[in-house]
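Here the structure comes first, spelled out in C-alpha cells, and everything after it is commentary.
Each reported figure results from applying straightforward, stated rules to the coordinates on display, with no laboratory input. All of these numbers come straight from a predicted model, not from anything done at the bench. Note that each Cβ is placed from the backbone with ideal geometry, even for glycine, and that neighbours are counted across all protein chains shown.
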Amino acid sequence: MKIKLIAGFLVSALLVYLSLRGIDFHGVARGMTTLRYGYALIFLAIIFLMQVLRSIRWGLILQPLATIDQLTLFSVSNVGFLAIAAIPARLGELARPYLITRRSPITMTSAVGTIFVERICDSLAVLIIALVTPLFTALPPWLTKASLVFFWITVAVAAVILFLVMRRDLALKGLRLLLCRLPGGRGLLPERILHQFSEGFNVFRNLRLLVQTILLTVIIWLIDVLAIYVMFLAFGLDLPASAAVVVMIVLIIGIAIPAAPGFVGNWHFFCILALGIFGIPKTEALSFAIIYHFLSIGMLVVLGLAFLPFNRFSLSSLRTQLDATCSSS
C-alpha cells in the first residue's frame, strides 16, 4: 500500500509539472474569470443526476444478492466516490464494498465483484461510444487504436465473467486442478474467494436486470458527455458535442492511472491533451481543466461529506475487513 501511495504522488507530481510547463499563469487566471455561472449551475445539477443514476445502477447489479433501499445505496455510493477521490492510488475503490457489507448481508468479496461488473459495463459503454464517434469527427490515430485495443480486452474480460457465471462449477473445477499443484495444500482459500467473487456477477443471470444495467450505463455516459458540453458553453468554447466525447474518453484513460488524491495532475494533463486535439491553446485548456475538475470533485466531496457521518470508515478498518474476509473464506 505504501508503494502505491508513493507511486501515486510521484505520477501526480510529474503530470502537474507537464501541465504547468510553459503556461501563462495570468492567462489562466483571466480564462477562469470568463466562466458563465449559469452554465456552471446546470453542470452541477447534471453531476448530481449522474450520482443518483449510478446508485440506481449499483442497486440493479446488487439485486440478485440483496434488495437494498435507494437511500442506503445513494448514501454509500457518495461516501464511496468521496473515498475514490480522497484516497490516492485508487485504493478508495474498496470503500463501497466495505460499506455495503456493513449495511447488508452481502459479503465483501461478492460486493467487490459487483464493482468489477460496473467497471466492465462502463468500459464497454464508453468504448462503444468511442468507436462510433469517428463517424462524426476525426480522431487521432493513437486514440482510435487505443480504443480498439481496450475494447477487445474488455470483451475478453466480459467473456471470462460470463463463463464464471454460466459454468461456475466447471470454472472452479479447472481452478481446483490448477491450485492442487501448489505446495502445502493451500488451494482451498483462493477457490472459495473466487466462488464468492463470482456471485457478484449474478446480474448476468437475469436478462431483465442486465438489459436495464446496460441501458442505464449508456445513459450515464451520454449524460457525462452533456455535462462536458455544458462546460464548453460555460467557457464559450465553440466545440461540437463530438469534442465532448473525446474529452470524456481521454479523461477516463487519464484518471484510471493511480495518482494523488482528487486525480490532481492526471485530470488536468489529460484534459489539456484532449482539448489540444481541437486546437484549444494550453493556457485556455488549463483554465477549463481547473474549473471542470474543481466543480466535479467539489460535488463528490460535498455529497460524500453529507453522508459520511452515517458511513464512517478508515483505511485501518478497511484493511481489517479485508484480512477478516481472507481468513474466513
Given 16 as the ceiling on other Cβ atoms within 10 Å, longest exposed-site-free region of the chain for trypsin sites (Lys or Arg not before Pro) in DSSP loops: 187-311
Crossing angle, helix 2-20 versus the chain [Cα axis fit, 0-90 degrees, rounded to tens]: 20
Among GLY38, GLY304, GLY92: highest mean-square fluctuation, GNM of the chain, C-alpha pairs under 10 Å: GLY38
Cα radius of gyration and Dmax for the range 2-328 (Å): 20.9, 66
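What list do you get for LEU303, LEU71, LEU44 if you sort them by fewest beta carbons within 10 Å?
Lowest count first: LEU71, LEU44, LEU303.
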Charge dipole (debye, nearest 20) of the chain; +1 at Cβ of Lys and Arg, -1 at Cβ of Asp and Glu: 880
Residue of ALA260, ALA40, ALA159 that the Gaussian network model of the chain assigns the largest fluctuation, springs spanning Cα pairs under 10 Å: ALA159
Selection from LEU194, LEU10, ILE61, by position along the positive dipole direction of the chain (Cβ): LEU194
Zone of ARG30's modelled label, taken as backbone nitrogen in the range 267-290 under 13 Å from a point 7 Å along Cα→Cβ: 283-284
Sequence-separation-based contact order of the chain, relative, with Cα cut under 8 Å and 6+ spacing, percent: 34
Given charges at beta-carbon only (K, R positive; D, E negative), |dipole| of the range 1-121 in Debye: 160
Acute angle (nearest 10 degrees) that the helix 168-179 long axis makes with the longest principal axis of the chain, alpha-carbon atoms: 80
Most mobile listed residue (THR33, THR133, THR107) in the chain, GNM with C-alpha springs under 10 Å: THR33
Between 0 and 90°, nearest 10: helix 315-328 axis offset from the chain longest Cα axis: 30
Rounded Å value of the spacing that divides the Cα centres of the range 278-298 and the range 64-143: 24
